[in-house]
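Undergrad: Quick one: this structure, given as structure tokens, is what I'll be asking you about.
The values are calculated or read from the model by the stated rules, or taken from the named source; none is laboratory data. Source: prediction; values computed, not measured. Virtual Cβ from ideal backbone geometry, glycine too; neighbours counted across all protein chains shown. The area values use the complete protein model at the heavy-atom level, side chains included, leaving out ligands, DNA and RNA. Shrake-Rupley method; radii C 1.70, N 1.55, O 1.52, S 1.80 Å.
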Amino acid sequence: MFAPSVYAARRAALAEAAGSGLVILLGNEAEPMNYAANRYPFRQDGSFLYYVGLEAPGLALALDAASGQATLYGREATMEDKVWEGDVPPLAERAARAGIDRTADPAALDRAVVDARGAVHVLPPYRASQRLRLGALLGVAPNAVEGSEALTEAVIAQRIFKTDAEVAEIEAAIAIAAEMHMTAMWMAQPGRTEHEVAAAVEAAALAHGSFLSFPAIVTTRGEVPHHHASGHVLADGDLLLHDAGCVAPGTRYCSDVTRVSPVGGAFSERQRAIYDLVLEAQEACIEACTPGARFRDVHDLASRILASGLVDLGLLRGNVEEIVAVGAHAAFFHHGLGHPMGLDVHDLEALGEDRVGYGDEATRSDQFGTAYLRFARALRPGHVMTVEPGLYFNQILLDQWAAEGRHADFVDYAEAANWVGFGGVRIEDDVLVTEAGPRVLGPPIPKVPEDVEAAVQEGAAVV
């Protein structure tokens, strides 16, 4: 956790933004996996972490916007809790770590809501348990619970800009992720299975008291962007895509990095052509992440670079600007360039992707590919973004578009069929926007092709 004064200052700013009424922030509950006593690993709500910093389940914060007075609601640990889970500090002691001097039993929160006489502000719920609890507190049906627009905008305005201390925590998470990805590179050897590599990647995080910020993607099926590890045995010449991140111990700020390793230690000529093209797009887009630049424009820059390279390779044909305008390039690049990073790996997405990434500044495209861009606003100093262009040869998509004749003037489907089975390439880093320009966060993680090959070759002796 940060110092208590950090959380107190964040709450004071939120109270000032709210102006009046009672702000309620619910922490997450421990959720059952398949029966009550067998629970999913606990992950605290990002906004609750931001304003309170405590990770235990079953907590709630009430903030009087007029006075700035904060109250932490939670249950004291019973003897049974302590026997099974270990000793737990009293609620008052935990509250003090967050700079809060008032505590109460969860039942008292119901009375506080009644006393507020309807002037209650909540965030939009994204879990069923949150929706049920808020419905009961507010006296409405669960499906009628809506977040306060003003409160939601105030939280976004605070959390989207990262302080130096927050950036340091993100970099701590990236430092662990660097070990995770080096492990994957070392293990990209013929005879290993994807499951083995994925297990080693997660173990590298666990060894630092961390855990994954999202389920790791470790696969030779890189053409499926969210494909997870299988029992596939790695073979010489495979491309192993590893997209993985973790959280900083203590504060839980996230990292999110992607690399691609040539199994056996050498890219083929065809693999190198695609890898070099994606790397060119990524490096150009990182340089374009300057204050005032619209992230939608940076995404379009990636699209043009990738489309131009695909024309040179004979996969696309025609004028690059026309190709991108109609979305023909999305046959091979079918996701957005990146997303905000912070306490959530897709930071603030629980509050509404359009609200966070578009607001009044931009309108979401309905074109396949660009429609999946999560953030289109102008970049500002303090934003932390992922930059992750990619190229994919997905047979399902290519077959469907070819059968429809979609963009047939621009896509050479006969040539594309020769690339099915290639997989996919995505390269991702976490980038801070500063007044002086972009800064790639964390220690360097090999991504120049020769460096990646050297890491895999080193792994043949190390692992």
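Undergrad: Looking only at region 216-227, decide whether some residue is of a type in the set (S, T, N, Q), at pLDDT 95 or above and under 30 Å from GLY53 (Cα atoms).
TA: no
Undergrad: Can you name the number of the only condition in (1) more than 21 Å from ASP105 (Cα to Cα); (2) open to solvent by 30 Å² or more (accessible area, probe 1.4 Å); (3) in contact with an Asp or Glu (Cβ under 9 Å, 6 or more places away or on another chain) that GLY46 fails?
TA: (2)
Undergrad: If HIS232 satisfies all but one of (1) out of contact with any helix residue (DSSP H, G or I) (no Cβ under 7 Å at 6 or more places or on another chain); (2) over 23 Å from TYR372 (Cα atoms), what's the number of the condition it fails?
TA: Unmet for HIS232, out of (1) out of contact with any helix residue (DSSP H, G or I) (no Cβ under 7 Å at 6 or more places or on another chain); (2) over 23 Å from TYR372 (Cα atoms): (1).
Undergrad: Can you tell me which residues in region 29-68 are polar (S, T, N, Q) and assigned to a loop (DSSP other than H, G, I, E, B)?
TA: The answer is GLN44, SER67.
Undergrad: Using the structure shown, decide if THR251 is under 23 Å from the mean Cα position of the chain (by Cα), open to solvent by 20 Å² or more (accessible area, probe 1.4 Å) and of a type in the set (S, T, N, Q).
TA: Against the criterion (under 23 Å from the mean Cα position of the chain (by Cα), open to solvent by 20 Å² or more (accessible area, probe 1.4 Å) and of a type in the set (S, T, N, Q)), THR251 does not qualify.
Undergrad: Does PHE333 fit the bill of being open to solvent by 20 Å² or more (accessible area, probe 1.4 Å), in a loop (DSSP other than H, G, I, E, B) and under 18 Å from GLU223 (Cβ atoms)?
TA: Values: open to solvent by 20 Å² or more (accessible area, probe 1.4 Å): no; in a loop (DSSP other than H, G, I, E, B): yes; under 18 Å from GLU223 (Cβ atoms): yes.
For PHE333, the condition - open to solvent by 20 Å² or more (accessible area, probe 1.4 Å), in a loop (DSSP other than H, G, I, E, B) and under 18 Å from GLU223 (Cβ atoms) - is not met.
Undergrad: Filter region 210-248 down to the residues that are in a strand (DSSP E or B), of a type in the set (A, V, I, L, M) and over 19 Å from VAL452 (Cβ atoms), then identify the one that is most open to solvent (accessible area, probe 1.4 Å).
TA: Looking at the filtered set, the residue picked out is VAL233.
Table: residues versus (1) buried (at least 23 other Cβ atoms within 10 Å of the Cβ); (2) touching a Ser or Thr at 6+ places or on another chain (Cβ under 9 Å).
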residue	(1), (2)
ALA350	no, yes
ALA362	no, no
PHE375	yes, no
ALA378	no, no
MET385	yes, no
GLU388	yes, yes
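Undergrad: If you scan region 336-379, which residues turn out to be closer than 18 Å to THR258 by Cα, assigned to a loop (DSSP other than H, G, I, E, B) and in contact (Cβ under 8 Å) with a residue 40 or more places away in the chain?
TA: Across region 336-379, the qualifying residues are LEU337, GLY338, HIS339, MET341, GLY342, ASP344, VAL345, ASP347, LEU373.
Undergrad: Also, I was wondering about something else. Is it the case, given these coordinates, that ASN394 is closer than 24 Å to GLU280 by Cα and open to solvent by 50 Å² or more (accessible area, probe 1.4 Å)? Let's see the steps before the verdict.
TA: Numbers: closer than 24 Å to GLU280 by Cα: yes; open to solvent by 50 Å² or more (accessible area, probe 1.4 Å): no.
No; evaluated as a whole, the condition is false for this residue.
Undergrad: Would you point out the residue of region 122-153, among those that are in contact with a Leu (Cβ under 6 Å, 6 or more places away or on another chain) and aliphatic (A, V, I, L, M), that is farthest from PRO340 (Cα to Cα)?
TA: So the residue we want is VAL145.
Undergrad: Filter region 86-115 down to residues that are among the aliphatic types (A, V, I, L, M) and touching a Leu at 6+ places or on another chain (Cβ under 9 Å), then give me how many there are.
TA: 9
Undergrad: Does SER20 meet the test of being assigned to a loop (DSSP other than H, G, I, E, B), out of contact with any helix residue (DSSP H, G or I) (no Cβ under 7 Å at 6 or more places or on another chain), in contact (Cβ under 8 Å) with a residue 60 or more places away in the chain and open to solvent by 60 Å² or more (accessible area, probe 1.4 Å)?
TA: It is true that SER20 is assigned to a loop (DSSP other than H, G, I, E, B), out of contact with any helix residue (DSSP H, G or I) (no Cβ under 7 Å at 6 or more places or on another chain), in contact (Cβ under 8 Å) with a residue 60 or more places away in the chain and open to solvent by 60 Å² or more (accessible area, probe 1.4 Å).
Undergrad: What pairs come out if I take residues in region 403-426 that are under 11 Å from PHE393 (Cβ atoms) and at pLDDT 95 or above and pair them with residues that are among the polar types (S, T, N, Q) and open to solvent by less than 40 Å² (accessible area, probe 1.4 Å) whose C-beta lies under 8 Å away, six or more apart or interchain?
TA: PHE422/GLN271; GLY423/THR220; GLY424/ASN394; VAL425/GLN271
Undergrad: With respect to GLY86, determine if the residue is free of Cβ contacts under 8 Å to residues at least 24 places away in the same chain and small (Gly, Ala, Ser).
TA: Taking the combined requirement at face value, the residue satisfies it.
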